[in-house]
Amino acid sequence: MTQAPLRLFNSLTRSLETFTPVHAGEARVYTCGPTVYNYPHIGNMRAYVFADVLGRTLSWKGYKLTHVINITDVGHLTDDADSGEDKLEKMAAEKAQDIWDIARHYTQAYWDDVKALNIRQPAHWSIATDYVPQMIEFAKSIAEEHCYELESGLYFDTSTVKDYGRLARAVTEDGEGRIDTVEGKRHAADFAIWRKTPAGEKRQMEWDSPWGRGAPGWHLECSVMGEKLLGFPFDIHTGGIDHREIHHPNEIAQNQAFCHSDVSGANIWMHNNFLVERTGKMSKSSGEFLRLQLLIDKGYHPLAYRMMCLQAHYRSELEFSWEGLQAAFVRLKRMVMIVGGSKFKVEPSVLKELLSRDPLVLRDRLEQVSLRALEKFEGAVSDDLNTAEALVAFEEAIGLKGAAFIDSIVISTLLMDSVLGLNLLNLSRADLRIRPKSAAITEPEIEAALERRKEARAAKDFATSDAIRDELTAKGVEVMDGDPLGWDWKL
Ligand code: AMP
Ligand code: ZN
């Protein structure tokens, strides 16, 4: 098999590197997960679509993947540095609810989005509050050499490790863009390992520790769960680009302290760029913020958003617009129609056999021209996950015309979609018809009206036919006579 070597951009060295696993044949990946104080916005979900494509690519390359995604249910303050309140405590107080219920509710909401976006289940969903005793042990092991205690808790002294902030390329001197809000910190960049509950206060989530009753600092959890579940060094650590500035440099500092060396904890640190939205709808504090459910309520299939993410390189900023989402949806529909049409034409026994095989062994059964498209696809994903180019190769492979290519189209889809995850072999036209929440008409009503219209037209009763069409238009249904995709109507 001619598989191109996988090249990935390492934020630590700011360069493309060939992936070489720590443990032969394996890939161990840690992804910083959501803070479950609110619904994730679609920008957050871009981070997990990216991590999913990375995981799928590693599996496609034949590595045995162990992927960990954590759930942050404690410690993340309203400011990524050490100021503000714990996001979950704040939300629980505002809503006068039990903090554990808040965490459970938003974790489930996140998992619903994960499923809707066809993101594969990782080997472990590690929940921060399940690891508090391990966090205390970890902190104890670095406290003497690297930490100091203040009234408010235990702090990491960033001057005790070599090259603090090398990931962020930040200068570590005081005042470098950090606001020193905690009294007594030795350096502005020093950060909390343990936050003591202030005297006279009670938090809903608090534990006993050698530094008083309180809660762990946010950065600690990822160091601890990464070490416990994957071992240092593991292969790849991912997160959004904001984590390159504070959270990951702090994780690295903790890992260096724990390992008594310059080991950063992971060989490659990868960061997805942001999804941006100009009108502020991505802010969780805005009334109707951009959740995946909002897209669905407006009639978009969630995988149209996955398509939108795949159309951009993960390291580029991606601007959200409804027009852009609509274009991605049309592209998805087109692919679903082509693949569905081909699948329908494959001999049922052949289809059954193809679907039961490991896609990689089907490669030899591809037509020459399909094989060339596959090689292009493989080159694109191997080049730092260039999904935009991979999609073009995919469309080339499924766009081949003629009976001779039918089996190849299905095989190409099996292969390529195992990386892109658009679920093309399972989606049907009916699945893509998402009813906008505001729709005043149901699908059976539309189908019945169109049937009556067809009869009227057959009887050359054009007045009735036009009247039915106008009625449908008034209810938000666009009738699409002669649509090349056979998409007869849309809401
Ligand atoms: P949080 O729940 O705030 O901890 O964030 C979850 C993930 O989403 C992290 O990896 C963030 O870096 C990432 N993230 C936050 N905002 C965006 C955005 N607008 N676009 C892409 N990723 C984001
Ligand atoms: Zn993290």
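Some notes on this structure:
- Of all DSSP beta bridges in the range 7-272, antiparallel share, percent nearest 5: 45
- For the range 86-131 versus the range 144-170, the gap between their alpha-carbon centres in whole angstrom: 29
- Scalar couplings 3J(HN,Hα) for the range 417-423, obtained by applying the Karplus form with A = 6.51, B = -1.76, C = 1.60 to θ = phi - 60°, are 6, 5, 8, 7, x, 8, 6 Hz; x denotes Gly and Pro.
- DSSP beta bridges in the range 1-133 [antiparallel fraction, %, rounded to 5]: 30
- Pairwise centroid distance, computed over Cα atoms, of the range 343-368 with the range 206-242, Å: 44
- 5 angstrom amide H check on Ala123, placed H, neighbours 5+ away: His67
- Count of lysine pairs in the range 7-272 with Cα separation under 20 Å (8 or more residues apart, or interchain): 12
- The residues Ser59, Ser283, Ser382, when put in order of fewest to most other Cβ atoms within 10 Å, stand as Ser283, Ser59, Ser382.
- Of all aspartates and glutamates in the structure, those lying under 16 Å Cα to Cα from Lys475, and not within fewer than 8 positions of it along the same chain, are Glu443, Glu445, Glu447, Asp466, Asp488.
- Whole-angstrom gap from the range 3-47 to the range 270-299, using each part's C-alpha centre: 22
- Straight-line reach from Lys281: taking Cα to Cα under 15 Å and skipping same-chain neighbours fewer than 8 places apart, the aspartates and glutamates in range are Glu319.
- Charge dipole (debye, nearest 20) of the range 384-473; +1 at Cβ of Lys and Arg, -1 at Cβ of Asp and Glu: 360
- Cα gyration tensor, the range 284-430 - rounded (a/c under 1.5), prolate or oblate: prolate
- Considering only the chain, percent of DSSP beta bridges that pair antiparallel, nearest 5: 45
- Angle in degrees between helix 368-382 and the longest Cα principal axis of the chain, rounded to the nearest 10: 20
- Counting every alpha-carbon pair across the chain, the share separated by more than 45 Å comes to 22%.
- Prolate/oblate/rounded call for the range 7-272, Cα gyration tensor, a/c under 1.5 rounded: oblate
- Annotation: amide H of Asn273 within the under-5 Å range of Arg315, Ser316, sequence separation 5 or more or interchain, hydrogens built in the peptide plane.
- Positive dipole terminus of the chain, leading residue within Val381, Gly25, Ile241 (C-beta point charges): Val381
- Computed over the range 384-469, the convex hull of the alpha-carbon atoms projects to a mean area of 9.5 nm².
- Partner lysines whose Cα lies under 20 Å from the Cα of Lys401, excluding those fewer than 8 positions away in the same chain, are identified as Lys333, Lys343, Lys345, Lys376.
- Projecting the Cα atoms of Ala474, Thr442, Ala456 onto the dipole axis of the range 439-490, where Lys and Arg carry +1 and Asp and Glu carry -1 at the beta carbon, places Ala456 farthest toward the positive end.
- Under a model in which nothing but the beta-carbon of Lys, Arg (+1) and Asp, Glu (-1) is charged, the chain shows a dipole of about 1600 debye around its Cα centre.
- Protection proxy ranking of 185-194, 349-358, 86-95, 157-166 - average other beta-carbon atoms within 10 Å, highest first: 185-194, 86-95, 157-166, 349-358
- Descending Cα extents along the principal axes, the range 1-135, whole Å: 59, 32, 30
- Placing +1 on the Cβ of every Lys and Arg and -1 on the Cβ of every Asp and Glu, with no other charges, gives the range 320-414 a dipole of roughly 460 debye about its Cα centre.
- Placing unit charges on each Cβ (+1 for Lys and Arg, -1 for Asp and Glu) gives the chain a dipole about its Cα centre, and among Ser11, Gln311, Leu351 the Cα reaching farthest toward its positive end belongs to Leu351.
Every read-out reported here was derived from the displayed coordinates using simple, explicitly stated rules and does not represent laboratory data. Bear in mind the structure is a predicted one, so any value in this text is a computation, not a measurement. Methodologically, a virtual Cβ is constructed for each residue, glycine included, from the backbone with ideal geometry; neighbour enumeration extends over all protein chains shown.
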